[in-house]
Amino acid sequence: MVLNKGDHDNNDDEDAFANIAEKVLIDNAVKISDGLIEELEQCPVPDAIGLGPKCETLHLFIPQILQLFPNCQQLNCHYKCAVVRNTTRCYCEDGFEVKEDGRSCKDQDECAVYGTCSQTCINTYGSYACSCVEGYIMQPNNRSCKAKNEPTDRPPVLLIANSETIEVFYLNGSKMATLSSVNGNEIHTLDFIYNEDMICWIESRESSNQLKCIQITKTGGLTDEWTINILQSFHNVQQMAIDWLTKNLYFVDHVSDRIYVCNYNGSVCVTLIDLELHNPKAIALDPIAGKLFFTDYGNVAKVERCDMDGMNRTRIIDSKTEQPAALALDLVNKLVYWIDLYLDYVGVVDYQGKNRHTIIQGRQVRHLYGITVFEDYLYTTNSDNFNIIRINRFNGTDIHLLIKMENARGIRIYQKRTQPT
């Protein structure tokens, strides 16, 4: 267990004391640790000249440390006691944490900590073990899971709608051998059905919108385009999601403030949600769990979950958010990632609205538009500086610029494991 030394001020003596605090370990017999004794033996004369900063610091604070020894004895720590700055506290060995009584130790549930494992985590006494679900391979770090490349001739790729075209890139940012683009008037969003080798997108025209689809080949080529005629008014739809199990099409109409679903050929459409919806934006589906997620930032900014028929609506985020604008789902861990355009952050929460965390916040994630998740990473488009960036979702400081692309909007990872059946 790493001790939290607190926020240090600018006083050199205070910092020096804090730096050696973790080296001063006292067990229940009130015995100075071997490590400190060894250091003192190297610095035998407290008032000698030229001992160096290390020795001078040790002898400067030994009186304070010794003064706190009785406190450690009174604590009667189950494992060991540490002198930290001007106080004492019990601590436990790795894999354990201090109980509420301040002295006893209990097993630490590492699996309750976000990002301990990228997929399955099993807590054990004093430790834990990570594992991967079917279709993924454990990596050498024993934490991360990488999707099997099945079939071997179809590696995962990025599908990116950049206003007028749909581009296909490898995950390292390089364009596929076959330049793949679809000429359209204005493309806001896209989705796909992997088992059908089909990509669909909404193409905006002056008078109306159109839903178009195309076949994607093994080499990334796009062929055989066709149009699906949606029975209902389609002009104000800019976001959609496809249920890859039923082929049903889900749409967000941000003007009439409703979410509706249509069958595959667009001949039958049903409004699912139109109450307490004032500015709906993003939508995401988990057909395996039978859940639909959407964002709204009209009267109340929120992220909601409901069944795929629109029933059983539940707010999973309705605080500390202003403009939740994009969604991505981790189908394995049942996690929801969202972008807040106003507060400039990427957040995560589980399907139940618990275990909320901020992945990254600030200038680097300002003006994000689309988001998708695959393995350990989030891939996002930026509507301001034309960047496609990759963010480690378990370490927000690990950010990588993949591609420069003007007007990049919708983004998806095209790979078998992103659509389990």
Report task. Find all pairs meeting these conditions: Cβ atoms under 8 angstrom apart; at least six residues apart or on different chains; first residue within segment 406-417 and within 12 Å of Ser383 (Cβ to Cβ); second residue in a loop (DSSP other than H, G, I, E, B) and among the small types (Gly, Ala, Ser). Result -> Asn407/Ser383; Ala408/Ser383; Arg409/Ser383
Query raised in the report: Name the residues in segment 98-134 that are in contact (Cβ under 8 Å) with a residue 60 or more places away in the chain and in contact with an Asp or Glu (Cβ under 8 Å, 6 or more places away or on another chain), would you?
Result: Gln108, Ser118
Report task. Within segment 253-266, identify whether any single residue is buried (at least 16 other Cβ atoms within 10 Å of the Cβ), among the basic types (Lys, Arg) and more than 23 Å from Gln419 (Cα to Cα), and answer yes or no. Result -> yes
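With respect to Cys55, determine if the residue is open to solvent by less than 60 Å² (accessible area, probe 1.4 Å) and modelled with pLDDT of 65 or more.
Details: open to solvent by less than 60 Å² (accessible area, probe 1.4 Å): yes; modelled with pLDDT of 65 or more: no.
Here the answer is no, as Cys55 does not meet what is asked.
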Report task. Hey, could you check segment 348-371 for residues that are in contact (Cβ under 8 Å) with a residue 60 or more places away in the chain and not in a strand (DSSP E or B) and say which is nearest to Phe394 (Cα to Cα)? Result -> Asn355
Report summary line: Given the conditions (1) open to solvent by 20 Å² or more (accessible area, probe 1.4 Å); (2) free of Cβ contacts under 8 Å to residues at least 24 places away in the same chain, every one holds for Tyr345 apart from (1)
Report summary line: Conditions (1) open to solvent by 20 Å² or more (accessible area, probe 1.4 Å); (2) on the phi < 0 side of the Ramachandran plot -> Tyr337 fails only (1)
Query raised in the report: Across segment 276-288, what is the number of residues that are under 15 Å from Met311 (Cα atoms), open to solvent by 10 Å² or more (accessible area, probe 1.4 Å) and more than 20 Å from the chain's Cα centre (by Cα)?
Result: 2
Query raised in the report: Take the residues of segment 356-391 that are under 11 Å from the mean Cα position of the chain (by Cα) and of a type in the set (Asp, Glu): which is most open to solvent (accessible area, probe 1.4 Å)?
Result: Glu375
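The values are calculated or read from the model by the stated rules, or taken from the named source; none is laboratory data. Everything numeric here is computed off the predicted structure, so don't read it as measured data. Backbone-built Cβ (ideal geometry, glycine too); neighbour counts: all protein chains shown. Keep in mind that these areas ignore ligands, DNA and RNA; they rest on the heavy atoms of the full protein, side chains included. Shrake-Rupley method; radii C 1.70, N 1.55, O 1.52, S 1.80 Å.
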